[in-house]
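A short worksheet on the structure shown next.
The values are calculated or read from the model by the stated rules, or taken from the named source; none is laboratory data. Everything numeric here is computed off the predicted structure, so don't read it as measured data. So basically every Cβ, Gly included, is an ideal-geometry build from the backbone, and we count neighbours across all protein chains shown. Heavy atoms of the whole protein, side chains included, go into the accessibility calculation; ligands, DNA and RNA do not. Shrake-Rupley method; radii C 1.70, N 1.55, O 1.52, S 1.80 Å.
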Amino acid sequence: MNTSLKIVITLLLAILLLSSCRQAISNKKPRILLIHSFQEDRYNYKIFNEELIKTFKEQNISPELHIFYLDCESYLDYDERKRMYNYIDSMIPMKPDMILVNDDQATYSLMACEHPFVKTIPVVFAGVNYPNWDLLKKYPNITGLHDKQDF
């Protein structure tokens, strides 16, 4: 599956989920956290972000979008999970309506950091080649696109 198709499918999942929550958030701008696994300068992140914003606009949704780059290549497992936990903790006062997660490492770290808030909010992941199925079973509020590798 090519990258553009993955992005479109993920965006559609997010739009559907957000649309289903519209009743509850109709009087305010939806607040969305977008978490990427790597650094901001990764070649496809700019495209992903632009397509996400474009798709929201096409659906007449104007979210307050907060983007976080986990920079997973700079941290070992424990420090990476701690970084994710601290980021989620810092965003609670904002009262986000949804979390979008891009790539394996950010999806894993979001679940593995075990922040209690993560279990209370809809989460949609994309670009995940190797989901941690055991962790995923603990989060009925998390859904997304498993990009199964076809070797």
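So the values come out like this:
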{"read-out": "Label point distance in nm, residue 43-residue 94, each placed 7 Å from Cα along Cα→Cβ", "value": "2.9"}
{"read-out": "Karplus-derived HN-Hα couplings along segment 91-100 (A = 6.51, B = -1.76, C = 1.60, θ = phi - 60°), whole Hz, x at Gly and Pro", "value": "8, 4, x, 6, 6, x, 8, 6, 10, 10"}
{"read-out": "In segment 31-98, chymotrypsin sites (Phe, Trp or Tyr not before Pro) in a DSSP loop with at most 14 other beta-carbon atoms within 10 Å", "value": "43"}
{"read-out": "Long-range HN-HN contacts of residue 34 with modeled amide H, under 5 Å", "value": "66, 67, 68, 100"}
{"read-out": "Segment 59-151: trypsin sites (Lys or Arg not before Pro) falling in loop per DSSP and having at most 15 other Cβ within 10 Å", "value": "137, 138, 148"}
{"read-out": "Theoretical FRET efficiency, 1/(1+(r/R0)^6), r = Cβ-Cβ of residue 71 and residue 29, R0 25 Å, to 0.05", "value": "0.35"}
{"read-out": "Low-density loop positions, GluC sites (Glu not before Pro), segment 34-115 - DSSP coil, at most 15 other Cβ in 10 Å", "value": "40, 114"}
{"read-out": "Rounded percent of accessible protein surface that carbon and sulfur make up, segment 53-151, 1.4 Å probe", "value": "50"}
{"read-out": "Solvent exposure of segment 60-151 as accessible area per residue, Å², 1.4 Å probe", "value": "53"}
{"read-out": "Listed pairs 54/95; 82/119; 46/148; 29/95; 95/119 exceeding 19 Å between Cα atoms", "value": "54/95; 46/148"}
